[in-house]
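Bear in mind these aren't lab numbers, they're just calculated from the coordinates by the rules spelled out. Just so you know, these numbers come straight off a predicted model, no measurement behind them. Cβ atoms come from the backbone with ideal geometry, glycine included; neighbour counts cover every protein chain shown.
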Amino acid sequence: MRGFCKDRGLLVDNDELAQVCRDLPETACQEQPRNYGLHVASLILTKAGEGLADIKLVVAWLLDAIGAPTWAIGLLVPVRESLAMLPQLLISARIRQLHIRKTVYVTGCIVQGFAIIGIGLVGLTLTGTTAGVIAISLIAAFALGRSISSISHKDVLAKTVDRGRRGAVSGIGGTVAAAATLLLATGYSTGWVPLTVLFVASAVILGGMAWLFAALVFASIREYPGATEGGIYGLAAVVSQLRLLRSDAQLQWIIATRALLLSTALAPPYFIALSGDREPSGLGTLGLFMMAAAAATLSSSYFWGKLADRSSRKVLMYAAALASLANAVAALTALVIPERLLSAPLLPALLFVLVIAHQGVRLGRSVHIVDMADLDNRATYTALSNSVVGLLLLAGSVFGVIAQWFGVGTVLALFALMALTAIPAAARLDEVQTTEAVR
């Protein structure tokens with residue numbers, strides 16, 4: 001495993017990884033080459049699972065194909081995103097009590113894997129309202145597994161991979177997994193792969209299995225015991241950590257930036273709504289959207305990851321600018337020249353830009369939170385920011401009402417304004433990747 005990073009083409013040299021670390025104790029630094037490779041391998045598997053069982057596209061299509069009610073399909077993303085974030089404020093303190101935290105991530109992966117496998121089985125065996133109710137329940141379980149994984153992964157990553165290399169872990173993992181997803185999307189778009197309930201449900205089950213294999217790989221990481229001081233429980237944890245939100249200006253700005261950049265996560269369904277069913281079969285359009293999303297991830301993840309290792313602040317600013325541009329063009333087209341929406345490549349091309357921006361947001365905010373914190377408060381920062389953003393995601397359902405009354409173009413214009421406002425908010429963040437900014 002010592003040669004994993006180098007021999008597997010993960011664009012890093014073991015000797016370089018084994019040099020003196022800025023942010024790791026000596027014992028963890030010696031294990032960094034091995035752990036780096038395991039982090040990347042595990043992330044490739046989870047990202048591949050996300051591609052095979054994409055909630056916004058693949059699972060939504062599957063539920064629609066088996067006759068699940070519209071309300072169930074509409075709940076997919078809010079349930080997944082909010083339940084993945086909201087519990088973190090309460091459970092982060094409990095995770096702080098564990099000397100070894102990789103077991104928490106492994107448990108989360110297992111829960112996610114079995115939940116996704118269950119959704120695939122729903123697609124193969126059930127229909128209608130029953131299928132919708134059970135699928136939403138499984139999405140809720142998936143989100144809770146994702147919640148504990150989110151906190152523990154950042155903590156384990158910070159304990160096993162040095163500052164300045166963490167963004168590349170996410171970048172490489174996302175790039176490799178996106179290549180596989182792009183192949184599947186191409187198959188759907190061209191008809192090489194049958195777009196049937198049987199095949200799509202089987203692909204979803206395969207995606208769930210990828211999470212189980214990721215858990216097995218992550219369990220092999222050599223993690224040394226970390227600090228457990230400061231862990232508190234229940235309501236006391238909420239009150240104590242909310243005090244941190246009031247007193248830490250940098251935490252306030254990263255949360256504000258993330259909130260404004262929620263537009264990158266909320267906008268894709270509205271792009272698809274703009275496309276409508278203008279073709280005799282909507283399958284070709286769905287394939288183009290899937291290809292655009294996969295290609296955007298493939299072309300940008302590694303770049304964003306490397307840039308985030310130098311300046312996560314600038315990554316967030318650049319991503320905000322791209323998101324504002326994509327949403328503004330889509331909004332202008334919908335409001336002023338809607339006939340241009342009939343051009344098949346237009347919306348997928350704009351989605352391509354939007355997903356590039358979203359990848360930058362995900363990588364930038366993840367690396368920034370990890371690097372702005374220290375070993376003692378990293379999990380707390382992650383949990384607090386995710387919980388606040390989770391509440392805002394629930395409030396994001398109001399955009400559906402706005403779209404119904406004022407049109408999708410109006411919603412996209414609001415998203416463009418939010419992303420534009422995120423640029424000066426991100427500019428207020430510290431350059432945490434520099435030695436001077438380390439807390």
Full-extension gain in nm, residue 103 to residue 434, via 0.36 nm per residue minus C-alpha separation: 116.0 nm
Sorted by Cβ density within 10 Å, fewest first, the residues 192, 61: 192, 61
Net charge dipole size for the range 112-181 [Lys, Arg +1 and Asp, Glu -1 on Cβ; Debye, nearest 20]: 300 debye
Protection proxy ranking, peptides 399-405, 243-249, 112-118, average beta carbon neighbours within 10 Å, highest first: 112-118, 399-405, 243-249
Estimated inter-spin distance, residue 64 and residue 405, nm [label 7 Å along Cα→Cβ]: 2.6 nm
Given charges at beta-carbon only (K, R positive; D, E negative), |dipole| of the range 60-194 in Debye: 720 debye
Where labels lie 7 Å past Cα in the beta-carbon direction, separation of residue 56 and residue 137 in nm: 2.8 nm
Extreme residue, positive dipole direction of the range 74-166, given options 125, 136, 97 (C-beta unit charges): 97
Paramagnetic reach from residue 71 in the range 114-128 [backbone N under 16 Å; point 7 Å along Cα→Cβ]: 128
Label-to-label distance, nm, for residues given as residue 392 and residue 197 (7 Å Cα→Cβ offset): 4.0 nm
Mean Cβ neighbour count within 10 Å, used as a protection proxy, ranking 121-131, 409-419 highest first: 409-419, 121-131
Zone residues, the range 50-91, relative to residue 183, backbone N less than 19 Å from point 7 Å out along Cα-to-Cβ: 50-54
